[in-house]
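The values are calculated or read from the model by the stated rules, or taken from the named source; none is laboratory data. Predicted model, so just to flag it, every value in this text is computed and none were measured. Ideal geometry is used to build each Cβ from the backbone, glycine not excepted, and the neighbour counts take in all protein chains shown.
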Amino acid sequence: MSTRHRVAQERQARMELILDSAEKLFVAKGYSETSINDIAEDADFSRTSLYQYFNSKEEMYIGILERYTDLLIEGVTRATAAASATPDKIKAFLEAMRQMKDENPSFFELYFIQRHQVEPRLSPQLRTILNAKRRTLENVFRDFYRRGAERGEVREIRAKDASNLFFAQVTGMMLLHQYYEEEFDVTLDEHLDKSLQMYLEFVEKKSGNTNRHRNDE
């Protein structure tokens, strides 16, 4: 291993350590209540040395979301590629999102719950990075939906509209349970199953007069 490669690896490892500390503190204390000094102390860095890796708290926040968004994109891409018909791809997409939420709850806490604290502070460059990741995730859905519409498997509506409706239902339900879970008499998974069923009933192409509906099992 060359010296340059070893130095790059060591730098990346230190950045990951800082991001781990920032993530833990953002979730425990909240983004606004966490200071650079808090993160430096938790990661066992001086404030000055920490700035050698990240320029701001906002940059750390984006770094955390990039890690998780990349994992989510990989998960939904793999899951939907393994399914054949478009309705099955939609189910697989949701299952990959559920798995991500269960395995990495910090991602959803930071992205959906605390993002409003961070968004106004983001530089145009950091906002561009975050939006690019979001579009990459959405495009996985839009690409397979567009192909499914061409094959007659789903309704011929704009893929953008189809994905917006899907994400609004799924993320909206997750947010409702995050804030008002004690008011519901069903679990989040049960609500997501029902949302998926309703979504599929809307987008699936009906054949002839059978008026067939696919229900999520």
Which numbered condition in (1) surrounded by fewer than 17 Cβ atoms within 10 Å (Cβ to Cβ); (2) modelled with pLDDT of 95 or more; (3) not acidic (Asp, Glu) is the only one that residue 4 fails? (2)
So residue 35, is it within 30 Å of residue 196 (Cβ to Cβ), surrounded by fewer than 18 Cβ atoms within 10 Å (Cβ to Cβ) and among the hydroxyl-bearing types (Ser, Thr, Tyr): no
Among the numbered conditions (1) within 30 Å of residue 58 (Cβ to Cβ); (2) in contact with a strand residue (DSSP E or B) (Cβ under 7 Å, 6 or more places away or on another chain), tell me where residue 125 comes up short. (2)
For a quick check of your reading of the model, give me the residue pairs whose first member lies in region 184-198 and is in contact (Cβ under 8 Å) with a residue 24 or more places away in the chain, whose second is of a type in the set (Gly, Ala, Ser) and surrounded by fewer than 16 Cβ atoms within 10 Å (Cβ to Cβ), with beta-carbon atoms closer than 9 Å and at least 6 apart or on different chains. 195/172
For the structure I just gave you, tell me whether residue 119 is surrounded by fewer than 16 Cβ atoms within 10 Å (Cβ to Cβ) and either at pLDDT below 95 or not β-branched (Val, Ile, Thr) (or both). yes
Looking only at region 76-91, filter to residues that are surrounded by fewer than 19 Cβ atoms within 10 Å (Cβ to Cβ) and touching a helix residue (DSSP H, G or I) at 6+ places or on another chain (Cβ under 6 Å); which one of those is nearest to residue 110 (Cα to Cα)? 77
Selection from region 41-51 of residues outside any helix (DSSP H, G or I) and either surrounded by 13 or more Cβ atoms within 10 Å (Cβ to Cβ) or touching a Leu at 6+ places or on another chain (Cβ under 7 Å) (or both) yields 45, 51
Of all residues in region 12-40, which are in contact (Cβ under 8 Å) with a residue 60 or more places away in the chain, in contact with a Phe, Trp or Tyr (Cβ under 8 Å, 6 or more places away or on another chain) and not in a loop (DSSP other than H, G, I, E, B)? 26
Filtered residues of region 109-166 (kept if within 25 Å of residue 193 (Cα to Cα) and of a type in the set (A, V, I, L, M)): 110, 113, 137, 140, 149, 154, 157, 159, 162, 165
